[in-house]
Amino acid sequence: MAQTKTAPLSNPKYDATLLVRSAFRNLDKNYCTTSNFQSAYYKETITKDNKAISLNEAILDINKASYLNSKNDQVIIKNVRGSNPSLGIDPLLVKLQGGPNTALKLDIMKYPFLGCDADHLTEYYTFEYDSPVNIDNKLFYVVRFDQKYPADDALFRGKMYIEANTYAIGKVEFAMNVEKRGDAYLNFIKDKPSHLRVAVKSANYTVGYKEHNGKWFYDYSRSDVKFAATSKKRSINSEYIVSSKMVITDFSCKQYVAEKGSIMKSTDVLAEIKVPGDDGLIWELYDEMMLLALL
């Protein structure tokens, strides 16, 4: 989505929570109810103290499961290339597990809404209207949300953009409430040495959808997690940013069956996957497409 500007639209008279509930009640009307095939470009980077230490890209096929069932999306790696100059040099071996699978989990219309089931939204979140906007000639209500306090778990705050005619959620910008939470790293780090102290500074996300023939499809997502790592034992005092981006490059509503053994697991690390392929101009074209999608 791009070209966001103020919209000549008034917010509904009823509570913002009711509008959000309407958006989820219209799921079967607004989103694809069958599995469909998508092609995508994915890019992940890890920076240490503002210097890139790892960059990996992949061209994917995705078997996108129906929005009406609990089946997971399937990712098939078609081509991959990477650059990991810090391997063997950085005292911390930072890896991003899951990669494209994790990016797809940001699809809040497919997976539980930001840490809770859509039927229990008001138990965990508050909602209030912001000013409506016009995005690419479509009118959207904007609803701000935040977790209710106090809460044991770090949930989220952000804004969702709800299309005024269909009540489809077209975009969500959100951040995990990690500030001043010493245990926030448990949401992100699977394993670390006991001498290492980790503090999550921020965790920001965006997911966007695109309308095609009256249905809305997952179109792109972005994730940026920043954390500080310190250790007196290993003389470590650095700030890391782990970023991932995905953009859909083509899609159809046809059924798609992946070959056995070709599906990427949620425990896989993209940097460790080797798929021979062309390293020519196509990567630059995909990167430009991603930049346009994330404007």
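The values are calculated or read from the model by the stated rules, or taken from the named source; none is laboratory data. Here the structure is a predicted model, which means the values were calculated and not measured. With ideal geometry, Cβ positions are generated from the backbone for all residues, glycine too; neighbour counts draw on all protein chains shown.
Lys95 fulfils the conditions (1) under 28 Å from Glu211 (Cβ atoms); (2) modelled with pLDDT under 85 except for a single criterion, (1). Checked against (1) buried (at least 19 other Cβ atoms within 10 Å of the Cβ); (2) aliphatic (A, V, I, L, M); (3) under 21 Å from Asp28 (Cα atoms), Val142 meets all criteria but (3).
Could you list all residues from the range 232-266 that are among the hydroxyl-bearing types (Ser, Thr, Tyr) and at pLDDT 90 or above?
Ser238, Tyr240, Ser243, Ser244, Thr249, listed by residue number.
Can you tell me which residues in the range 186-223 are more than 18 Å from the chain's Cα centre (by Cα), over 14 Å from Ile169 (Cα atoms), not basic (Lys, Arg) and not in a strand (DSSP E or B)? Leu186, Asp191, Pro193, Ser194, His195, Leu196, Asn213, listed by residue number. In the set (1) modelled with pLDDT of 90 or more; (2) touching a helix residue (DSSP H, G or I) at 6+ places or on another chain (Cβ under 7 Å), the condition left unmet by Gly82 is number (1). Applying the condition of being of a type in the set (A, V, I, L, M) and either over 29 Å from Lys210 (Cα atoms) or in contact with a Cys (Cβ under 8 Å, 6 or more places away or on another chain) (or both) to the range 272-284 and asking which residue is modelled with the highest pLDDT yields Ile273. The test for being closer than 20 Å to Gln97 by Cα, touching a residue at least 60 places away in the same chain (Cβ under 8 Å) and among the β-branched types (Val, Ile, Thr) does not hold for Thr166.
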